[in-house]
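Peer 1: Handing you a structure now.
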Amino acid sequence: SPDEGWQVYTSAQAPDGKCLCTAVIPVQGTCSRDLRSHQLRQLTEKVQNISQSMEVLDLRTYRDLQYVRNTESLMKGLDSRLKVAAESQKNLNAKSFQELKDKMTELLPLLPVLDQYKSDTRLIVHLKEEVRNLSGRLLAIQEEMGAYDYEELQQRVLMLEARLHACMQKLGCGKLTGVSNPITIRASGSRFGSWMTDTMTPSADTRVWYMDGYYKGRRVLEFRTLNDFVTGQNFVQHLLPHPWAGTGHVVFNGSLYYNKYQSNIAVKYHFRSRSVLVQRSLAGAGYNNTFPYSWGGFSDIDFMVDENGLWAVYTTNQNAGNIVVSRVDPQTLEVLRSWDTGYPKRSAGESFMICGTLYVTNSHLAGAKIYFAYYTNTSSYEYTDIPFHNQYSHISMLDYNPRERVLYTWNNGHQVIYNVTLFHVIKTSGEL
């Protein structure tokens, strides 16, 4: 349904009789658009607003009540003087009138306090009506959801998520057509760094790895879950035997792939055994800020993973500083095949791989866009114009996670993700 975010662009019948259509999968988090969730969020906001109003009202009422109590003696004194004046008008003189005027002047500040009381009375009536409406709406939602208990609802959600995940896997690869607005997960660390989840493990594994800095670092933090990462709790530390260079690291099937400092050597570090399994030189690859991205930071060699496996992006003197894309064997780190994209690496802000296609941004600063795409399946390229909102104005790491189909970014000390929209060609015999 279009209401769920699906967009079908074209459909036709293939020669073999199968349906051939193109579609865009909805943005992740469809459940957040559920009507009841939206209603509950609105109600929560209303309750918060009412609570704040009540707190302000309580403080103001307490203050005004104290003022009224303090003026009580003045009012009693004035009352007694008026009674005396009413009983013996003949004894009134200029001095007595002046004393009465002075007492009245002392009570004048009480008038705005009483006006405020009148205004607060109207506010209380309004708040009572709001609470009455809230109670009614909550009761209606409770009755609507009463058909399911919580456990059943949770199982239904898990089943729907599993079906959506299976559907995404059937969709296979697609062409990037859009990037969502950024979602800030955490603000932590220095201006430069990298963070990631494993690109291959089952979805139940939600560990997060965090590597602050780009220069001679060796400390890798492993958080148990994304929530632990957000709160900065429940982590273990790995101390790498060799320091890293740049921020182009990636975690793939339980191992960290990174560039060894002051070299063009690729290192595969296994987290469970806490050991280096293999290291190999990338022949001719520049290092030590010879061919970095536009932001520098020893970003000469950038590892990435997509649906097709492990890649290394770098450049050499032989290809005049243009970006080289290499398929790498994740077991041996041997280069399987390379492509010369013709795009100068120093002019690139950052890059990432999706479905065998290298996408390049034209800047690491504000105003960046995804400007260039190189297709390894056809050894061809095109210039693109895909908007890319660089919220914090300095990106030093940008990687695609094929398991989650999101972009991970380190942006000026902020850890950020982007959802992506892929244009798919779906081939199905009716089961999808």
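The values are calculated or read from the model by the stated rules, or taken from the named source; none is laboratory data. Note that this is a predicted model, so its numbers are computed, not measured. No Cβ is skipped: glycine too gets one built from the backbone with ideal geometry, and neighbour counts run over all protein chains shown. In case anyone asks, the SASA skips ligands and DNA or RNA and just uses the protein heavy atoms, side chains included. Shrake-Rupley method; radii C 1.70, N 1.55, O 1.52, S 1.80 Å.
Peer 1: Does the range 214-224 hold any residues that are surrounded by fewer than 16 Cβ atoms within 10 Å (Cβ to Cβ) and under 17 Å from GLY254 (Cβ atoms), and which are they?
Peer 2: Correct list: ARG224 only.
Peer 1: Would you point out the residue of the range 278-301, among those that are hydrophobic (A, V, I, L, M, F, W, C) and part of a strand (DSSP E or B), that is farthest from THR247 (Cα to Cα)?
Peer 2: VAL278
Peer 1: Let me ask something else about it. Evaluate the following for VAL251: is it in contact (Cβ under 8 Å) with a residue 40 or more places away in the chain, under 26 Å from VAL335 (Cβ atoms) and not small (Gly, Ala, Ser)?
Peer 2: yes
Peer 1: Here's a follow-up. Under 9 Å between Cβ atoms, which residue pairs at least 6 apart in sequence (or on different chains) link something in the range 185-205 that is free of Cβ contacts under 8 Å to residues at least 12 places away in the same chain with a partner that is surrounded by 15 or more Cβ atoms within 10 Å (Cβ to Cβ)?
Peer 2: Close Cβ pairs (under 9 Å, with a partner that is surrounded by 15 or more Cβ atoms within 10 Å (Cβ to Cβ)) amount to PRO202/ARG403; ASP205/THR197; ASP205/ASP198.
Peer 1: Take the range 175-212 and flag every residue that is crowded, with 19+ Cβ neighbours inside 10 Å and in a loop (DSSP other than H, G, I, E, B).
Peer 2: Scanning the range 175-212 gives PRO182, PHE192, THR197, ASP198, THR199, ARG207.
Here's the yes/no breakdown for (1) of a type outside the set (Ser, Thr, Tyr); (2) open to solvent by 10 Å² or more (accessible area, probe 1.4 Å); (3) within 29 Å of VAL230 (Cα to Cα):
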{"position": "ASN362", "(1), (2), (3)": "yes, yes, no"}
{"position": "LYS369", "(1), (2), (3)": "yes, yes, yes"}
{"position": "THR376", "(1), (2), (3)": "no, yes, no"}
{"position": "GLN391", "(1), (2), (3)": "yes, yes, yes"}
{"position": "GLU404", "(1), (2), (3)": "yes, yes, yes"}
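Listed here are the residues, each with its yes/no results for (1) open to solvent by less than 10 Å² (accessible area, probe 1.4 Å); (2) assigned by the TED database to the domain that holds VAL220; (3) in contact (Cβ under 8 Å) with a residue 60 or more places away in the chain; (4) not in a loop (DSSP other than H, G, I, E, B).
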{"position": "PRO243", "(1), (2), (3), (4)": "no, yes, no, yes"}
{"position": "THR247", "(1), (2), (3), (4)": "yes, yes, yes, no"}
{"position": "ARG272", "(1), (2), (3), (4)": "no, yes, no, no"}
{"position": "VAL276", "(1), (2), (3), (4)": "no, yes, no, yes"}
{"position": "PHE303", "(1), (2), (3), (4)": "yes, yes, no, yes"}
{"position": "TRP311", "(1), (2), (3), (4)": "yes, yes, no, yes"}
{"position": "ILE323", "(1), (2), (3), (4)": "yes, yes, no, yes"}
{"position": "SER326", "(1), (2), (3), (4)": "yes, yes, no, yes"}
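Peer 1: Here's another thing I want to ask about it. In the range 334-432, which strands (runs of 3 or more DSSP E) lie fully inside it and hold 2 or more residues that are of a type in the set (Ser, Thr, Tyr)?
Peer 2: 335-344, 357-361, 369-375, 380-387, 395-401, 406-411, 414-428
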